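Q: I have a structure here, written as structure tokens, and I will follow up with some questions on it.
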Amino acid sequence: MSYSLGHYSFGGAGSSLQGGGGYSYTAGDDAYTAQQPYDDEADRTDVLKLVLYDLNSAIAPRDVRLMAIHAALEEFDHDDEALHDEELELRADHILLQKLTYAMCVDPRGVEVGLICSALEAVYRAGRTRLGRSFHEICDALLPLFVGMVRAPPGAMPGTGTGDRYDEAP
């Protein structure tokens, strides 16, 4: 089976994801390795815009959505504060929040939620000023999602394991 995602195409496990301008990903067992051929800041910005566009556009099927999340995670996983500031300026946080909200509705305990949270953590390695601005912009929507992630499942008894429920017989 083969999918096309914006400027990328994907043909299943073990195949390649080729982006515009020579940007490519190699798919394995849920692992994507990025080769970043850009030589200057403008090339990186163009690639980042493509990755964010594809992430924002990927809704269904799930495989396409996961591929876009993996691509974004690979792009965001670095320790350059200035690049993370740029990612936030291009609204990566807003796009990831949208994806997280959707993933929490579909499967709150799924792998997709974890991948999106990892991407959000990577983007949030930005500078304090830009990070504060980002959090101020999306905190009203983000905090309830985080609380929902750490809250005990409905029906769980306080102080017991997650499998114990009020309505279950001992």
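The values are calculated or read from the model by the stated rules, or taken from the named source; none is laboratory data. This structure is a prediction, so every number in the text was calculated from the model and none was measured. With ideal geometry, Cβ positions are generated from the backbone for all residues, glycine too; neighbour counts draw on all protein chains shown.
For every residue, the table says whether it meets (1) hydroxyl-bearing (Ser, Thr, Tyr); (2) surrounded by fewer than 22 Cβ atoms within 10 Å (Cβ to Cβ); (3) in a loop (DSSP other than H, G, I, E, B); (4) out of contact with any Pro (no Cβ under 9 Å at 6 or more places or on another chain).
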| residue | (1), (2), (3), (4) |
| --- | --- |
| Thr45 | yes, yes, no, yes |
| Lys49 | no, yes, no, yes |
| Leu55 | no, no, no, yes |
| Ala60 | no, yes, yes, yes |
| Arg65 | no, no, no, yes |
| Ala68 | no, no, no, yes |
| Glu75 | no, no, no, yes |
| His78 | no, yes, yes, yes |
| Asp85 | no, yes, no, yes |
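Q: Checking the condition of a type outside the set (A, V, I, L, M), in contact with a strand residue (DSSP E or B) (Cβ under 6 Å, 6 or more places away or on another chain) and at pLDDT 95 or above, which residue from His70, His94, His84, His78 passes?
A: His70 is the lone residue from the list that is of a type outside the set (A, V, I, L, M), in contact with a strand residue (DSSP E or B) (Cβ under 6 Å, 6 or more places away or on another chain) and at pLDDT 95 or above.
Q: Specify the residue that is surrounded by the fewest Cβ atoms within 10 Å (Cβ to Cβ); the eligible residues are those in the range 95-140 that are over 21 Å from Glu74 (Cβ atoms) and polar (S, T, N, Q).
A: Thr129
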